[in-house]
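Heads up: the structure comes next, in structure tokens.
The values are calculated or read from the model by the stated rules, or taken from the named source; none is laboratory data. Keep in mind the model is a prediction, meaning the values are calculated, not measured. Ideal geometry is used to build each Cβ from the backbone, glycine not excepted, and the neighbour counts take in all protein chains shown.
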Amino acid sequence: MRQEWSRPNPPLTCQPKTEQPMALNQTDIAQVLEEIAPVLRCGWIQKIQQPTAHTLVLDIRVPGHTHRLLVSCQPETTRLHFARRTLLNPPTPPAFCQFLRAHFQGARIDDIRQVPNDRIVELHLTTKEGPRKIVCELTGKKANVLVLDADGLVLRDLNHQRSLVGQTYAPPAKRETSSHERQPARFTRTANGEFPISAAIEAHYQDKESTLAGEAAKDARLRALKKTIKKEQRRIDAWREDLAKALKYRDYARYGELIKANLGAIKKGMERITLVDYFDEALPDVTIPLDTTKSAQGNMDDYFRKHRKYLTAERELHPRIERAARELDTLRQELATIEQGTWTPPAASPSTDQAAPRTATRKTNESGEQRRGPFRRFTSADGLPIFVGRNARENDELTFGLAKSDDLWLHARGTPGSHVVVRLEKGSDPPPETIRDAAMLALLYSDLKKSGKGDVIYTRRKWVKKAKGQAPGAVIVTQEKSLHVSLDKKRLEAIKMRSSHE
């Protein structure tokens, strides 16, 4: 049994009363079809394009000529006419365009006509699969293009309404008081050429679309700027918070030195120790808290490690905050021009993402180094950058392109996995917590992840060589050390939290 399908009649209140309609009205459609339909009958569809999500272009060949028929279902500029200007197409045709090319390229146009007293145009076609029909509903906000088979069943539609597929086509319900029915024709045959009405429609909507595109670009930029400003402010606040936390470690090098001079006086289990502060000329007593679970050496190392975190924060966070603050000022100035109505969209190629508000300075990392390759990027507990390859090609690029000879290199032992590189200053040794962070990442991004534990080897990058004749990412490692690692959720969460602030 054939299912009947119909659309609800939308309430009259859905249409703004004072808005000037921009889509073609019934009279406009009748007028342009009177001009172009006689030419298109018995023509052949040579090429089908879909420049935008709601725009189709059919190249139709008739003896001696090729005409480009444009059908737009954009709510603000719904129309049908011959197009003289060429529109840019996406690199990959949308699914609806691919469907039309598969079934309608080479089809003959038997007829093209308007449904009486409506803004619907039907193309009656003969295809290699038999009779077919393309229905163009030029109805403004709910405009659509539908493909029907010989029995009137919907095969596909431009708006991807899956509920329509397989249903018997029924035109949209008409409103008795539709303003489009009462409007006179808006286009006259004043233009020169063979198809003056079509040319007038194209010129009219080209101006409209330019205006709409400018407004859309401004709105998109406004949204992107507000979102980015909010995000940048959060980054700055997070860095300032990290800097404030690190400031309490400012005197920890002194405490470490005092403990170092008194290692023999400290026993495991002590909560604190009072020592003479020989860094102060007055030689006062200073009480230093101790971790009862650690030895004297462990407490000393802990104080020195935390002091290094303070030094790293002072060295790296201040420049970051200053840079981000300057970028934030630039973004806020641009936002002000939009709000004041003085903003103009920058000239860009069609592939340029004008909504992306980041400035060119974001393309380099904090040391000014050009970012090479996507790589996963993390920050260790000591503030050192960690890079992780995503695949064999990236592993090869990371190890033999980005990494320097003194950098630390890690990999899960005896199993496929990511190369991990820790950026180190020349002549410096990797802190123990950084090694553990990087080893945790090497384990996480390897086949050992399933077991949750395993051995990770590490060495300097200069001791890693390419394996000749092997696939990208295959290496020979010498002078390596090994570390047994178990996945630690708290440590991983801390790594990801720090990296999200970068």
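Among the residues making up region 271-309, those that are aromatic (Phe, Trp, Tyr) and under 12 Å from residue 255 (Cβ atoms) are 279, 303, 304.
Based on what the data block shows, is residue 296 at pLDDT 90 or above and either under 28 Å from the mean Cα position of the chain (by Cα) or among the acidic types (Asp, Glu) (or both)? Spell out the reasoning first.
Numbers: at pLDDT 90 or above: yes; either under 28 Å from the mean Cα position of the chain (by Cα) or among the acidic types (Asp, Glu) (or both): no.
Taking the combined requirement at face value, the residue does not satisfy it.
Farther than 24 Å from residue 449 by Cβ, surrounded by fewer than 24 Cβ atoms within 10 Å (Cβ to Cβ) and at pLDDT 90 or above: does that describe residue 404? For residue 404, the condition - farther than 24 Å from residue 449 by Cβ, surrounded by fewer than 24 Cβ atoms within 10 Å (Cβ to Cβ) and at pLDDT 90 or above - is met. Going by what's in this entry, would residue 322 be described as part of a helix (DSSP H, G or I) and under 28 Å from the mean Cα position of the chain (by Cα)? Considered against the rule, which asks whether it is part of a helix (DSSP H, G or I) and under 28 Å from the mean Cα position of the chain (by Cα), residue 322 comes out as yes. Pairs are defined by a Cβ separation below 6 Å, a sequence spacing of at least 6 or placement on different chains, a first member in region 295-322 that is in the same structural domain as residue 260 (by TED's automatic domain parsing), and a second member that is among the acidic types (Asp, Glu) and at pLDDT 90 or above; the pairs so defined are 299/291.
Looking only at region 276-314, filter to residues that are among the hydrophobic types (A, V, I, L, M, F, W, C) and assigned to a helix (DSSP H, G or I); which one of those is farthest from residue 498 (Cα to Cα)? Within region 276-314, the match that is farthest from residue 498 (Cα to Cα) is 296.
Take the conditions modelled with pLDDT under 85 and either more than 15 Å from residue 206 (Cα to Cα) or crowded, with 16+ Cβ neighbours inside 10 Å (or both) and apply them to residue 17. Does it pass? Spell out the reasoning first.
On the way: modelled with pLDDT under 85: yes; either more than 15 Å from residue 206 (Cα to Cα) or crowded, with 16+ Cβ neighbours inside 10 Å (or both): yes.
Here the answer is yes, as residue 17 does meet what is asked.
I'm trying to understand the selection: among the residues of region 468-502, which are surrounded by 12 or more Cβ atoms within 10 Å (Cβ to Cβ) and among the aliphatic types (A, V, I, L, M)? Those that are surrounded by 12 or more Cβ atoms within 10 Å (Cβ to Cβ) and among the aliphatic types (A, V, I, L, M): 474, 475, 477, 483, 485, 487, 492, 494, 495.
In region 43-72, the residues that are in contact (Cβ under 8 Å) with a residue 24 or more places away in the chain never reach a residue that is of a type in the set (Asp, Glu) and part of a loop (DSSP other than H, G, I, E, B) with C-beta atoms less than 8 angstrom apart, at least six apart or across chains.
Conditions tested, residue by residue: (1) over 39 Å from the mean Cα position of the chain (by Cα); (2) of a type in the set (Phe, Trp, Tyr); (3) modelled with pLDDT under 95.
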residue: 43; (1), (2), (3): yes, no, no
residue: 52; (1), (2), (3): no, no, yes
residue: 55; (1), (2), (3): no, no, yes
residue: 60; (1), (2), (3): no, no, no
residue: 65; (1), (2), (3): yes, no, yes
residue: 69; (1), (2), (3): no, no, no
residue: 72; (1), (2), (3): no, no, yes
residue: 75; (1), (2), (3): no, no, yes
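Out of 92, 66, 77, one residue alone is closer than 19 Å to residue 205 by Cβ and either of a type in the set (Ser, Thr, Tyr) or outside the structural domain of residue 160 (by TED's automatic domain parsing) (or both). It is 77.
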